[in-house]
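To keep things clear, I will list the structure first and then write my remarks on it.
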Amino acid sequence: MNLKPLLFILLPATLSAHAQHGVHEHGFGQLNLVLSQQQLVLELHSPAADIVGFEHNPATGEEQAAYDQALQKAQHAAALFTLPASAGCELQQTRHIEQEDHEHGEHQHEEHDHEHGHTDIQLHYSWQCSQPDALNALDASGLFEQFPSFHRIELQGIVPAGQIAATLTAQQPGASW
């Protein structure tokens with residue numbers, strides 16, 4: 001089954017709900033999950049500061065190198081997410097899908113660069129699972145280890161049994177369904 005139609009319904013709606021509040025909160029990420037037949041798709045939406053350490057476009061060679069290194073680390077799904085081995089999931093694709101500047105508005109964080117807008121990053125991960133019925137949990141402890149500025153990740157998704165939602169933290173990085 002092709003998940004693109006479902007993703008175009010689920011992901012924009014969930015991301016729009018987050019964005020319409022005008023919230024750009026450091027330490028907060030949104031993780032959307034869709035499991036359909038043998039395909040698992042995750043999409044992580046985060047302020048750039050939590051992934052790359054700053055929000056503006058890289059201005060120096062050093063910043064560009066740091067930016068590239070952070071994105072490369074963020075795209076290494078196996079270091080960020082653990083799935084049940086019995087599900088037989090193989091990573092098919094990881095990509096950086098979007099980066100956008102936001103105008104200053106109401107922002108819920110203590111520090112920000114007043115000379116630049118705020119950049120958000122979206123990362124897309126896709127797995128093919130040979131035993132999708134065994135895919136009943138997700139552990140994001142690696143995400144919190146690799147990017148310690150995250151305080152919480154709001155997980156929401158659609159699985160064959162229905163909808164799921166959980167708040168993930170470094171102390172409680174897993175969800176099951």
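Contour minus end-to-end for residue 95 and residue 167, with contour as 0.36 nm per residue of separation and end-to-end as the Cα-Cα distance?
Length gained between residue 95 and residue 167: 23.5 nm.
What is the gain in length, in nm to one decimal, between residue 68 and residue 37 on full extension, counting 0.36 nm per residue of separation less the C-alpha to C-alpha distance?
Taking residue 68 through residue 37 to full extension adds about 7.8 nm, to one decimal.
If R0 is 30 Å, what FRET efficiency do you get for residue 57 and residue 154 from their C-beta distance, rounded to 0.05?
0.65
Which residues' amide hydrogens lie under 5 Å from the amide hydrogen of residue 164, considering only partners 5 or more residues apart or on another chain, with H built in the peptide plane?
When sequence neighbours closer than 5 places are left aside, the close amide H contacts are 157, 158, 159.
Sort 135-146, 60-71 by the packing proxy (mean of other Cβ within 10 Å over each peptide's residues), most packed first.
So the peptides 135-146, 60-71, ranked by packing, come out 135-146, 60-71.
Send over a whole-number figure in Å² for the accessible area per residue of the range 30-77, probe 1.4 Å.
39
The values are calculated or read from the model by the stated rules, or taken from the named source; none is laboratory data. Computed from a predicted structure; not experimentally measured. Note: ideal-geometry Cβ built from the backbone for every residue, glycine included; neighbour counts use all protein chains shown. These area figures cover heavy atoms from the full protein model, side chains too; ligands, DNA and RNA do not enter into them. Shrake-Rupley method; radii C 1.70, N 1.55, O 1.52, S 1.80 Å.
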